[in-house]
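Below is one structure; the comments refer to it alone.
The values are calculated or read from the model by the stated rules, or taken from the named source; none is laboratory data. Computed from a predicted model, the values in this text were never measured in an experiment. When we count neighbours, we look across all protein chains shown, and the Cβ atoms used for this are built from the backbone with ideal geometry, even at glycine. Ligands, DNA and RNA are excluded from the accessible area calculation, which covers all protein heavy atoms including side chains. Shrake-Rupley method; radii C 1.70, N 1.55, O 1.52, S 1.80 Å.
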Amino acid sequence: MKKFIAYFDYLGFRQFIEKNDVLDQEKGMSHIFREIEQAIAKQKTKDAPHGIVADLEKSNINCINFSDTIIFWTEDDGIESLKEILEVSYIFNWRTNGYFFPARGAVVHGELEGVDFSYLNGRGNKYNINSVYGRGLISAYEKAESQNWAGTVIDQSVVDYLTDKGEVPGAFLEPWCIPYFIPYKNGVLEKEEFAFMLVKGGLNEEAFKNRSKGIRDNFESYNKGPLDPGTEGKLKNTIEFLRCFKSSSE
């Protein structure tokens, strides 16, 4: 069955694991879980015995996280489901890339199935199945992994879906996206695609410098620096995208 899928992977995750002890790894992973939960809840919170937590009760989005990969997906491919996964993945993209840990991603329309099963035997050992599969997942993986920056692209399959539904893709995606020439590992396509905005509104010179520094800090945090040439290229491409928002305000 076709659904909407948002696939993300963190950049520099191996360095994060290799260059930090288990306590710092636990701290970093707790931040990863927080960002996932805040996105799914669309930043809504509720009181809990141990403080404030994300309110996940009204979410219609499924999620799996394993190692450096996060996958969000919908139950169907209705237009309202598309709106929800766009909002969730947009929040996740700007929060993690702006303030925490660089990631690249893609939103696609395609086939996906999920399986969730858990068994605990009498000795306390667990057997868990928490799996997704399908052609849509492969498309999302390939689209995300091919990019050469920290950012998220809307796949052509979503644009085609909107056109088939009688929507104007640019107008529909405007609350979350702008058209941009996405940087890929093998170069830039000859046409613009839609990418999630890192900020809304314009940035003055000081704000641009602060945001740029914050993005670099995210690339280097948890002892991930100094950056190798390939990662420096991804950082440069991300800052160049941020520059779009500076230009719009001047």
- Note on the structure: Per its Cα gyration tensor (rounded if a/c is under 1.5, else prolate when a/b beats b/c, else oblate), region 62-108 is best filed as oblate
- Message: Within region 11-45, list the residues whose amide N lies under 20 Å from a label point set 7 Å along Cα→Cβ of SER118.
- Response: 29-38, 40-41
- Please give the per residue accessible area of region 181-250, computed with a probe of 1.4 Å over protein heavy atoms only, in Å². 56 Å²
- Query: What is the gain in length, in nm to one decimal, between ILE79 and ALA207 on full extension, counting 0.36 nm per residue of separation less the C-alpha to C-alpha distance?
  - Reply: 42.5 nm
- Distance (nanometres) between label positions extended 7 Å along Cα→Cβ at THR45 and ASP217: 1.9 nm
- About its Cα centre, what dipole magnitude does the chain give when the only charges are +1 on Lys and Arg Cβ and -1 on Asp and Glu Cβ, stated in debye to the nearest 20? 560 debye
- Treating the beta-carbon of each Lys and Arg as +1 and of each Asp and Glu as -1, no other charges, what is the dipole magnitude of region 155-231 about its Cα centre, to the nearest 20 debye? 360 debye
- Message: Give me the percent of accessible area attributable to carbon and sulfur for the chain, probe 1.4 angstrom.
- Response: 50 percent
- Query: Can you list the residues of region 180-200 with backbone N under 16 Å from a point 7 Å past the Cα of THR163, pointing along Cα to Cβ?
  - Reply: 190-194
- Message: Using 22 Å as the Cα-Cα cut-off, could you pick out the over-long pairs in LYS209/LYS234; LYS19/LYS185; LYS3/LYS165; LYS83/LYS165; LYS42/LYS246; LYS19/LYS143?
- Response: LYS19/LYS185; LYS42/LYS246; LYS19/LYS143
- Could you give the spread of the C-alpha atoms of region 1-89 along their three principal axes, from largest to smallest, in whole angstroms? 44, 33, 17
- Query: Which value, in Å², gives the accessible area per residue of region 107-178 when a 1.4 Å probe is used on the protein heavy atoms?
  - Reply: 56 Å²
- Förster-model FRET efficiency, 30 Å R0, GLU111 and MET29, C-beta, rounded to 0.05: 0.50
- Note on the structure: Given 20 °C, 1.002 mPa s and a Kirkwood radius over Cα pairs, the Stokes-Einstein diffusion coefficient of region 129-237 in µm²/s is 132 µm²/s
- Averaged over all viewing directions, the convex hull of the alpha carbons in region 40-130 casts a projected area in nm² of 8.2 nm²
